[in-house]
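*Asks:* This is the structure, below, for whatever I ask next.
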Amino acid sequence: MAEGHAVARWGDALRPLIGERVVDIVVPPRWRERAEFLRGAELTRVETHGKHLVLHFSNDWVVHTHAMQYGSWQIGAIGQQLRKDARFARLRLTTSTHNVVFFHGPVMEVLTVAELGQHERFRSLGPDLLHHDFSAASVVDAIQAQGDREIGDAVLDQRIVAGIGNIYKSEGLFLAMIHPRRAVSSVTSEELKVFFDELVPLMQQGRAQPSWIVTLPSDLQLEPWMRNWVYQRRGQPCFVCATKIEMIRQGNFQRTTYFCPHCQVISGR
Ligand SMILES: [Zn+2]
């Protein structure tokens, strides 16, 4: 699943291409006419915000993408062997030295800068917790203003804070010892600060490592498949207290949350 750390990593991999010009571009029929404007244009900026990635070009056109759960990028030299079948490519972009492919992504749009500025979903994003200037204080009020909404649901709302996905949500709430069913109004500013203090370094670490999301410290990774404190560990013993990990579904989209019912107390501290 593409959480914010993976999108940030793809952005990091695309930035060395800034200054290069588009030699060729292949997109689905819907965008073909617009994509012609990109030929010869120079890549000027790579913007990531939460799970959105935007390529900015010198002539004020942009490519806006959202990977959702399934999308991924492959960035390499011209002639690179594609990791997946080319028919799954939503975007194939060639510069004088690089070949870039966006696979499976449900959102791939060729827009003007002005259109991106009006883009409802992009414009309404909350602060990105992987941006260098992120401060937990800037989102605490917005989270607490959600009243009786469950914390495990609220922190996935990209309009409040952008970048957290299902795995990091479960892991961050465990490390902060916050029960996912607690109403946000009962979660203190201090607890939220602990949540972000635990989560942001983990996600920055994940951004640098293109592999499985690993949140367990190395001395607890007794087997190669042991990667996380609680995620997808339903029925297995908690690494801290040995209580069985539980799984619940939360929010309109019934997203799964894993937690320890002993370490993460429902009543607050
Ligand atoms: Zn526990």
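The values are calculated or read from the model by the stated rules, or taken from the named source; none is laboratory data. Remember, it's a predicted structure, so these values are computed and weren't measured experimentally. Because the Cβ atoms are built from the backbone with ideal geometry, glycine has one as well, and the counts that use them run over all protein chains shown. For the accessible areas, the whole protein counts, side chains as well, though only heavy atoms, and no ligand, DNA or RNA atoms are used. Shrake-Rupley method; radii C 1.70, N 1.55, O 1.52, S 1.80 Å.
*Asks:* Using only Cα atoms, tell me the angle between helix 166-175 and the longest principal axis of the chain; keep it within 0 to 90° and round to the nearest 10.
*Replies:* The angle comes out at about 40 degrees.
*Asks:* Quick one: give the max-minus-min coordinate of the C-alpha atoms of the stretch 3-112 along each principal axis, largest first, in Å.
*Replies:* Projected onto the principal axes, the Cα atoms of the stretch 3-112 cover 31, 28, 27 Å.
*Asks:* Could you compute Rg(Cα) / (2.2 N^0.38 Å) for the stretch 155-269, with N its residue count?
*Replies:* Computed over Cα atoms of the stretch 155-269, the ratio equals 1.02.
*Asks:* While we're looking at this one, here's another question. Relative to the compact-globule scaling 2.2 N^0.38 Å, provide the ratio for the alpha-carbon radius of gyration of the stretch 57-117.
*Replies:* 1.18
*Asks:* Report the rotationally averaged projected area of the stretch 113-202 based on its alpha-carbon convex hull, in square nanometres.
*Replies:* Averaging across all directions leaves 5.9 nm² for the Cα convex hull.
*Asks:* Quick check for you: with a 1.4 Å probe and neighbouring chains kept, what is the accessible area per residue of the stretch 71-125, in Å²?
*Replies:* 50 Å²
*Asks:* Additional query: Rounded to whole Å, give me the distance from the Cα center of the stretch 1-28 to that of the stretch 96-129.
*Replies:* Their Cα centres are 10 Å away from one another.
*Asks:* Ok, one more. Work out the count of Lys pairs in the chain where the Cα-Cα distance is under 25 Å, with the pair 8 or more places apart or on different chains.
*Replies:* Taking the chain as the scope, the lysine pair count is 5.
*Asks:* Using DSSP to define loop residues, name the chymotrypsin sites (Phe, Trp or Tyr not before Pro) in the stretch 226-269 whose beta-carbon has at most 10 other beta-carbon atoms within 10 Å.
*Replies:* The qualifying sites are PHE253.
*Asks:* In addition: Skip the ligands, DNA and RNA, and give the accessible area per residue of the stretch 169-269 with a 1.4 Å probe, whole Å².
*Replies:* On a per-residue basis, 53 Å².
*Asks:* Would you mind counting up the charge near PRO29? Only other residues with Cβ under 13 Å from its Cβ, with Lys and Arg at +1 and Asp and Glu at -1.
*Replies:* +2
*Asks:* Counting only heavy atoms of the protein chains, get the accessible area per residue of the stretch 1-55 (1.4 Å probe) and round it to a whole Å² value.
*Replies:* So the stretch 1-55 comes to 45 Å² accessible per residue, rounded to a whole number.
*Asks:* Now for a different question. Under a GNM of the chain (C-alpha, springs under 10 Å), which listed residue has the highest mean-square fluctuation: GLY76, GLY50, GLY117?
*Replies:* GLY117
*Asks:* Against the longest alpha carbon principal axis of the chain, how many degrees, from 0 to 90 and to the nearest 10, is the axis of helix 4-14 turned?
*Replies:* Taking Cα atoms only, the helix is inclined about 30 degrees.
*Asks:* Now for a different question. Using a 1.4 Å probe over the heavy atoms of the protein chains, calculate the carbon and sulfur portion of the accessible area of the chain as a whole percent.
*Replies:* Here carbon and sulfur together make up 52 percent of the probe-accessible area.
*Asks:* Another question, if that's okay. Do the sum for the chain: with -39,500 (n - 2.57) for every DSSP H run of n ≥ 4, divided by all residues, what is the mean residue ellipticity at 222 nm, to the nearest 500 deg cm²/dmol?
*Replies:* Estimated from H runs of four or more residues: -7000 deg cm²/dmol.
*Asks:* Another question, then. Amide H neighbours of ILE160 under 5 Å, counting only residues 5+ apart in sequence or on other chains, H built in-plane at 1.01 Å?
*Replies:* Those qualifying (amide H under 5 Å, at least 5 residues apart or on another chain) are GLY126.
*Asks:* Expressed as an acute angle from 0 to 90° and rounded to the nearest 10, what is the orientation of the C-alpha long axis of helix 189-208 relative to the principal long axis of the chain?
*Replies:* Computed tilt is about 40 degrees.
*Asks:* Moving to a separate point now. What is the Cα radius of gyration of the chain over 2.2 N^0.38 Å, N being its residue count?
*Replies:* In units of the globular-protein estimate, the chain measures up at 1.09.
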